[in-house]
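See below for the structure under consideration.
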Amino acid sequence: MTGRLIAFEGGETVGKSTQARLLAQRLGALLTFEPGATELGARIRSLVLDAADLSLSPQAEALLMAADRAQHIAGVIRPALEAGTDVVTDRFIGSSLAYQGFGRCLGVDEILALSLFATGGLQSDLVVLLEVPVEAALSRQASPSDRIEAETAEFHRRVLEGYRTLAEQHPEQWVVVDGNRPVDKVADAVYSAVSERLGD
């Protein structure tokens, strides 16, 4: 029996990490995240998110994220799935499509091809998109903690529009949950959506 892979997506400070943790606890699933869940990934994460000016090009950023994902699949996700364990990940392919494809304007098709190369064709069984208005999300952010959070409001708007586009284009794989509610209400909505799509 193969486990199920559920990915949480959304912009900055929308509550993905909290909701991923709560769902994993409810399902008895393995909780993981991107970037940085492996030893190599932690080093890549520091390069991608370092607030210092490393003059990282959009293409280099995309390739680093793909490298992190390849290691994540090989070292964490695939072994768990093959053992029959459900996996909940805070960010996955959707993040690359939204941030590098739409946000960095590198092209969704190009980033998807790169991501599928990194995963060996593995995609999530379900993507949970937490939606919070960009103004509300930015108001939750006391001060930017990394170079992605420090991007312009226009960049973050492109990312959120990208997420909405992806969810509209792939309704069979994506489910949208209103994240602008109390944590417990969002958690119940997430669990209901996952149960409806994938079963208990």
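Numbers for the structure displayed
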read-out: Out of Arg21, Arg45, sole residue that is over 19 Å from Ile148 (Cβ atoms) and among the basic types (Lys, Arg); value: Arg21
read-out: Filter pass, Val14 being over 18 Å from Gln100 (Cβ atoms) and surrounded by 21 or more Cβ atoms within 10 Å (Cβ to Cβ); value: yes
read-out: Residue in the stretch 64-73 that is farther than 24 Å from Leu198 by Cβ, of a type in the set (Lys, Arg) and under 15 Å from the mean Cα position of the chain (by Cα) present; value: no
read-out: The listed residue being surrounded by fewer than 22 Cβ atoms within 10 Å (Cβ to Cβ) and farther than 30 Å from Asp184 by Cα, out of Gly84, Gly3, Gly28, Gly107; value: Gly107
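Condition check ((1) modelled with pLDDT of 95 or more; (2) β-branched (Val, Ile, Thr); (3) within 26 Å of Leu47 (Cα to Cα)) across all residues:
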site: Glu82; (1), (2), (3): yes, no, no
site: Asp90; (1), (2), (3): yes, no, yes
site: Ser96; (1), (2), (3): yes, no, yes
site: Leu114; (1), (2), (3): yes, no, yes
site: Asp146; (1), (2), (3): no, no, yes
site: Glu154; (1), (2), (3): no, no, yes
site: Gln169; (1), (2), (3): yes, no, no
site: Val176; (1), (2), (3): yes, yes, no
site: Asn180; (1), (2), (3): no, no, no
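For every residue, the table says whether it meets (1) in contact with a Pro (Cβ under 9 Å, 6 or more places away or on another chain); (2) under 20 Å from Leu116 (Cα atoms); (3) crowded, with 20+ Cβ neighbours inside 10 Å.
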{"position": "Ala20", "(1), (2), (3)": "no, no, yes"}
{"position": "Leu23", "(1), (2), (3)": "no, no, yes"}
{"position": "Phe33", "(1), (2), (3)": "no, yes, yes"}
{"position": "Ala37", "(1), (2), (3)": "no, yes, yes"}
{"position": "His72", "(1), (2), (3)": "yes, yes, yes"}
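The values are calculated or read from the model by the stated rules, or taken from the named source; none is laboratory data. This is a predicted model, so every value here is computed, not measured. A quick note on method: Cβ atoms are made from the backbone with ideal geometry, for glycine too, and the neighbour counts reach across all protein chains shown.
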